[in-house]
Amino acid sequence: MAGFGERARHWRYAELPGVDLLRARYVRKTFVRHTHEHFVIAAIADGVEVFHHRGADQYAGAGALALVNPDTAHTGRAGVPEGWRYGAVYPSPEVVAGIAAETTSLRGTPGFVRPVLDDPYAVGLVHQVLRAADEGNALAADTLLRVAVTRLLRVNGGTLPQRDVRSAGARIAVRARAVLEERMAAPPTLEELAADLGVGPFALLRAFRDVYGMPPHTWLTDARVRRVRRLLDEGTGPASAANVQDSPGLLLLASEAWQKNRQRQWVRTPSVEAGRTPPSYETPWESGWPLDSPGSPSG
């Protein structure tokens, strides 16, 4: 059962293609190990979030951002009894790459270096993006998103390492993922998958976990939920999505969450509006951070 006062709203704004949006408050909820296809830029408004990321617990409190690169396994839970409240944007790799190419000197695949960044101003920018999307202000939403991503890449950006698939184990993991993507509705058993790839089950488990940070069955559940949600977001009816996925139980879970997130309204509180969120859609050069000034972040 959700904790008292827990609420979340996940949505998309048509004028921000390739970007998911979220406002949430969690107290008791915990997120098991999972990944996202998009970047996670979560701006903490109150409380503390703890998430396990690359072998260590990370703590993000009010005024900080939790930053996770695509396909990076992580968890999530409250770090204090009162939980945590945050707003988040999830831009696709293509969106971030386009912004990086235009506004930074980064080469290769751009991403975030540190998973937690203490930057109250960037936190405010994220909340402004969400507010602009809520109010249908496409110009403000698009502008503020680009400013926020640029700032984060300049102060905490780097080139993501390419996944090395030259080792035998990595090649096995990549092949296993391809099989699971093709057979998502009717996946093989671990033993069948390992036999098809010419390895033992435990060797496959080790290789897959080394590359993707989780065992194959956990990755598959995560991927199926994402696919169902994507189908629903694109307007596919629940029955049609069920036919594609062949997993009514999983579809019911995803469909219910999607419908609730679509319908749920977020109640703004004074601490966000008057405290850490700037009061207007002002751009950085209007609020003390000229893009080309000596004191501004640089690539």
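The numbers here are math on the coordinates, done by the rules we state, and not lab data. What you are looking at is a predicted structure, and each value in this text was computed from that prediction instead of being measured. Counting neighbours? That spans all protein chains shown, and the Cβs are built from the backbone with ideal geometry, glycine included.
Data for the structure
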{"quantity": "Residues in the range 9-46 that a label on Glu94 would reach, taking backbone N under 12 Å of a point 7 Å out along Cα→Cβ", "calculated": "17-19"}
{"quantity": "In nm, spacing of pseudo-spin labels at Val174 and Val32 (7 Å Cα→C-beta vector)", "calculated": "2.9"}
{"quantity": "Packing-based order for 24-37, 66-79, using average beta carbon neighbours within 10 Å, highest first", "calculated": "66-79, 24-37"}
{"quantity": "Val113-Arg7 FRET efficiency (beta carbon distance; Förster radius 45 Å; 0.05 resolution)", "calculated": "0.90"}
